[in-house]
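First up is the structure itself, then whatever we jot down about it.
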Amino acid sequence: TLGNGSNDLIEFSARTFLTNGDNALYFKHGFAIYPLAIMATGADLKELPVTKNYHQDLTSVINYIDDRSKVVFIASPNNPTGSANKTSEIEEMLKSLPDDLIVFLDQAYFEYIEDEHYKVPFDLIEKYENLIISRSFSKAHGLAAYRLGFCISSQKIADYLNRVRQPFNVSS
(Lines give C-alpha, C1' and ligand atoms only; values in the text may rest on other atoms or scores of the structure.)
Protein backbone atom coordinates (compact mmCIF):
# COMPACT_ATOMS: atom_id res chain seq x y z
CA THR A 1 0.00 0.00 0.00
CA LEU A 2 1.41 3.39 -0.96
CA GLY A 3 1.13 6.47 1.20
CA ASN A 4 1.89 10.14 1.20
CA GLY A 5 4.65 9.38 3.68
CA SER A 6 4.32 7.23 6.78
CA ASN A 7 1.63 9.57 8.11
CA ASP A 8 -0.82 8.33 5.50
CA LEU A 9 -0.12 4.70 6.29
CA ILE A 10 -0.57 5.23 10.01
CA GLU A 11 -3.84 7.04 9.41
CA PHE A 12 -5.07 4.33 7.01
CA SER A 13 -4.38 1.70 9.64
CA ALA A 14 -6.13 3.67 12.37
CA ARG A 15 -9.16 4.40 10.16
CA THR A 16 -9.35 0.81 8.97
CA PHE A 17 -9.07 -1.02 12.28
CA LEU A 18 -10.21 1.42 14.99
CA THR A 19 -13.53 2.90 16.00
CA ASN A 20 -15.16 4.44 19.04
CA GLY A 21 -14.88 2.02 21.96
CA ASP A 22 -11.66 0.39 20.74
CA ASN A 23 -8.19 1.23 21.97
CA ALA A 24 -4.73 1.33 20.42
CA LEU A 25 -1.32 1.13 22.02
CA TYR A 26 1.89 3.01 21.35
CA PHE A 27 5.07 3.69 23.30
CA LYS A 28 5.82 6.98 25.03
CA HIS A 29 8.22 9.17 23.03
CA GLY A 30 7.05 7.55 19.79
CA PHE A 31 5.99 9.28 16.60
CA ALA A 32 3.56 12.14 17.39
CA ILE A 33 1.12 10.97 14.69
CA TYR A 34 0.17 7.77 16.57
CA PRO A 35 -2.02 9.45 19.21
CA LEU A 36 -3.43 11.91 16.67
CA ALA A 37 -4.49 9.14 14.29
CA ILE A 38 -5.95 7.08 17.14
CA MET A 39 -7.94 10.01 18.57
CA ALA A 40 -9.33 10.85 15.12
CA THR A 41 -11.10 7.47 15.10
CA GLY A 42 -12.69 7.94 18.52
CA ALA A 43 -10.64 5.07 19.96
CA ASP A 44 -8.92 5.34 23.32
CA LEU A 45 -5.17 5.81 23.72
CA LYS A 46 -2.93 3.48 25.68
CA GLU A 47 0.54 4.98 26.03
CA LEU A 48 3.08 2.39 27.13
CA PRO A 49 6.09 3.36 29.22
CA VAL A 50 9.65 3.02 27.98
CA THR A 51 12.67 1.92 29.99
CA LYS A 52 15.19 4.33 31.48
CA ASN A 53 17.20 4.39 28.24
CA TYR A 54 14.05 4.91 26.11
CA HIS A 55 13.95 1.29 24.98
CA GLN A 56 10.55 -0.10 24.02
CA ASP A 57 10.06 -3.25 26.08
CA LEU A 58 8.02 -5.33 23.64
CA THR A 59 7.54 -8.12 26.18
CA SER A 60 5.36 -5.68 28.14
CA VAL A 61 2.80 -5.14 25.35
CA ILE A 62 0.86 -8.28 26.30
CA ASN A 63 0.29 -6.79 29.78
CA TYR A 64 -1.52 -3.75 28.36
CA ILE A 65 -3.86 -5.29 25.83
CA ASP A 66 -7.49 -6.09 26.59
CA ASP A 67 -10.55 -7.14 24.60
CA ARG A 68 -10.89 -3.60 23.17
CA SER A 69 -7.29 -3.43 21.90
CA LYS A 70 -7.15 -3.50 18.10
CA VAL A 71 -3.80 -1.98 17.02
CA VAL A 72 -0.33 -1.51 18.47
CA PHE A 73 2.01 1.02 16.86
CA ILE A 74 5.76 0.45 17.23
CA ALA A 75 8.55 2.54 15.71
CA SER A 76 11.85 0.74 15.27
CA PRO A 77 14.10 2.57 14.87
CA ASN A 78 12.24 5.20 16.82
CA ASN A 79 12.40 8.89 16.14
CA PRO A 80 13.26 10.93 18.21
CA THR A 81 14.84 8.55 20.75
CA GLY A 82 16.95 6.46 18.36
CA SER A 83 16.03 3.25 20.15
CA ALA A 84 15.39 0.14 18.10
CA ASN A 85 14.21 -3.41 18.67
CA LYS A 86 15.93 -6.52 17.43
CA THR A 87 14.03 -8.74 15.04
CA SER A 88 14.07 -11.45 17.70
CA GLU A 89 12.32 -9.08 20.17
CA ILE A 90 9.69 -8.21 17.59
CA GLU A 91 9.06 -11.85 16.77
CA GLU A 92 8.79 -12.83 20.45
CA MET A 93 6.18 -10.12 20.90
CA LEU A 94 4.26 -11.25 17.82
CA LYS A 95 4.19 -14.83 19.15
CA SER A 96 2.64 -13.65 22.43
CA LEU A 97 -0.09 -11.43 20.97
CA PRO A 98 -3.54 -12.44 19.71
CA ASP A 99 -3.69 -13.03 15.95
CA ASP A 100 -6.43 -10.43 15.54
CA LEU A 101 -4.38 -7.58 17.08
CA ILE A 102 -2.87 -5.52 14.26
CA VAL A 103 0.82 -4.73 14.78
CA PHE A 104 1.98 -1.68 12.83
CA LEU A 105 5.79 -1.69 12.68
CA ASP A 106 6.91 1.75 11.59
CA GLN A 107 10.36 1.55 10.01
CA ALA A 108 10.59 4.95 8.37
CA TYR A 109 14.25 5.06 9.43
CA PHE A 110 15.06 1.50 8.33
CA GLU A 111 17.89 2.55 6.02
CA TYR A 112 19.82 3.92 8.99
CA ILE A 113 20.05 0.51 10.67
CA GLU A 114 23.55 -0.92 10.43
CA ASP A 115 23.27 -4.00 12.67
CA GLU A 116 21.59 -6.92 10.88
CA HIS A 117 19.91 -8.02 14.14
CA TYR A 118 17.60 -4.98 13.85
CA LYS A 119 16.64 -5.40 10.18
CA VAL A 120 13.16 -6.89 10.11
CA PRO A 121 12.62 -8.93 6.93
CA PHE A 122 9.38 -8.56 4.99
CA ASP A 123 8.91 -12.33 4.96
CA LEU A 124 7.93 -12.10 8.63
CA ILE A 125 4.50 -11.15 7.28
CA GLU A 126 4.07 -14.67 5.89
CA LYS A 127 4.28 -15.96 9.46
CA TYR A 128 2.27 -13.16 11.10
CA GLU A 129 -0.65 -12.01 8.97
CA ASN A 130 -1.54 -9.32 11.54
CA LEU A 131 1.77 -7.51 10.89
CA ILE A 132 2.12 -4.34 8.82
CA ILE A 133 5.65 -3.11 8.07
CA SER A 134 5.91 0.47 6.85
CA ARG A 135 8.92 2.17 5.36
CA SER A 136 9.66 5.43 3.62
CA PHE A 137 11.70 6.60 0.69
CA SER A 138 11.63 10.14 2.06
CA LYS A 139 14.26 9.83 4.81
CA ALA A 140 17.35 8.07 3.49
CA HIS A 141 16.95 9.02 -0.15
CA GLY A 142 16.64 12.77 0.27
CA LEU A 143 13.04 12.80 -0.94
CA ALA A 144 11.44 14.51 2.06
CA ALA A 145 9.46 16.92 -0.12
CA TYR A 146 8.02 14.04 -2.12
CA ARG A 147 6.38 12.23 0.82
CA LEU A 148 6.53 8.66 -0.41
CA GLY A 149 5.93 5.79 1.98
CA PHE A 150 4.82 2.21 1.59
CA CYS A 151 3.77 -0.68 3.72
CA ILE A 152 3.95 -4.40 3.21
CA SER A 153 1.23 -6.56 4.72
CA SER A 154 -0.87 -9.60 4.02
CA GLN A 155 -3.11 -9.33 0.98
CA LYS A 156 -6.16 -9.20 3.26
CA ILE A 157 -4.82 -6.21 5.21
CA ALA A 158 -3.66 -4.47 2.01
CA ASP A 159 -7.17 -4.84 0.60
CA TYR A 160 -8.61 -3.18 3.71
CA LEU A 161 -6.03 -0.36 3.72
CA ASN A 162 -6.60 0.36 0.04
CA ARG A 163 -10.33 0.83 0.71
CA VAL A 164 -9.59 3.96 2.75
CA ARG A 165 -6.64 5.15 0.65
CA GLN A 166 -7.43 7.92 -1.82
CA PRO A 167 -6.61 6.86 -5.40
CA PHE A 168 -4.12 9.71 -5.97
CA ASN A 169 -2.60 9.99 -2.50
CA VAL A 170 1.09 10.04 -3.44
CA SER A 171 2.56 13.42 -4.40
CA SER A 172 4.83 14.05 -7.38
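If the segment from Y64 to Y146 were pulled out straight at 0.36 nm per residue, it would be longer than the present Cα-Cα gap by 25.9 nm.
Considering only protein heavy atoms and a 1.4 Å probe, what is the carbon-and-sulfur percentage of the accessible area of segment 63-115?
45 percent
The Kirkwood radius of segment 1-82, taken over pairs of alpha-carbon atoms, gives through the Stokes-Einstein law at 25 °C and 0.890 mPa s a diffusion coefficient of 189 µm² s⁻¹.
In whole Å, how far is the Cα centre of segment 82-160 from that of segment 1-46? For segment 82-160 versus segment 1-46, the Cα centre distance is 15 Å.
State whether segment 1-41 is rounded, prolate or oblate according to the following rule on the C-alpha gyration tensor (a ≥ b ≥ c being the square roots of its eigenvalues): a/c under 1.5 gives rounded; otherwise a/b larger than b/c gives prolate, and the remaining case gives oblate. Provide the component values of the computation, followed by the final result.
Numbers: a/c = 2.28, a/b = 1.16, b/c = 1.97.
Since a/c reaches 1.5 but b/c is at least a/b, the shape of segment 1-41 is classed as oblate.
One way to sum up the overall shape of segment 37-117 is the equivalent ellipsoid from its Cα gyration tensor, whose semi-axes run 22, 15, 12 Å, largest first.
Could you report the chain's accessible area per residue, 1.4 Å probe, as an integer in Å²?
50 Å²
Each of the trypsin sites (Lys or Arg not before Pro) that DSSP puts in a loop and that has at most 15 other Cβ atoms within 10 Å breaks the chain; the longest unbroken stretch is 120-172. Which is the longest stretch in the chain that no exposed loop site breaks, taking sites as GluC sites (Glu not before Pro) with a DSSP loop state and at most 16 other Cβ atoms within 10 Å? The answer is 1-113. Cα gyration tensor of segment 83-172, axes a ≥ b ≥ c as square roots of the eigenvalues: rounded (a/c below 1.5), prolate (a/b > b/c) or oblate? Because a/c hits 1.5 or more and a/b fails to exceed b/c, segment 83-172 counts as oblate. Placing +1 on the Cβ of every Lys and Arg and -1 on the Cβ of every Asp and Glu, with no other charges, gives the chain a dipole of roughly 480 debye about its Cα centre. Please tell me which of these pairs span more than 18 angstrom C-alpha to C-alpha: K28/K95; K119/K139; K46/K70? Over 18 Å Cα-Cα: K28/K95. Taking a straight Cα-Cα cut-off under 15 Å and skipping sequence neighbours fewer than 8 places away in the same chain, the aspartates and glutamates within cross-link reach of K156 are D99, D100, E126, E129. Computed from the C-beta positions of E47 and D115, the FRET efficiency with R₀ = 25 Å rounds to 0.35.
Scanning the chain for DSSP H helices at least 20 Å long along the axis (C-alpha atoms) with a Kyte-Doolittle mean no lower than 0.0 picks out nothing. Gain on full extension, evaluated as 0.36 nm per residue between Q155 and E126 minus their Cα-Cα distance, stands at 9.4 nm.
The values are calculated or read from the model by the stated rules, or taken from the named source; none is laboratory data. Source: prediction; values computed, not measured. Heads up, the Cβs are rebuilt from the backbone with ideal geometry, glycines too, and the neighbour counts pull from every protein chain shown. Only protein heavy atoms, including side chains, enter the accessible area calculation; ligands, DNA and RNA are left aside. Shrake-Rupley method; radii C 1.70, N 1.55, O 1.52, S 1.80 Å.
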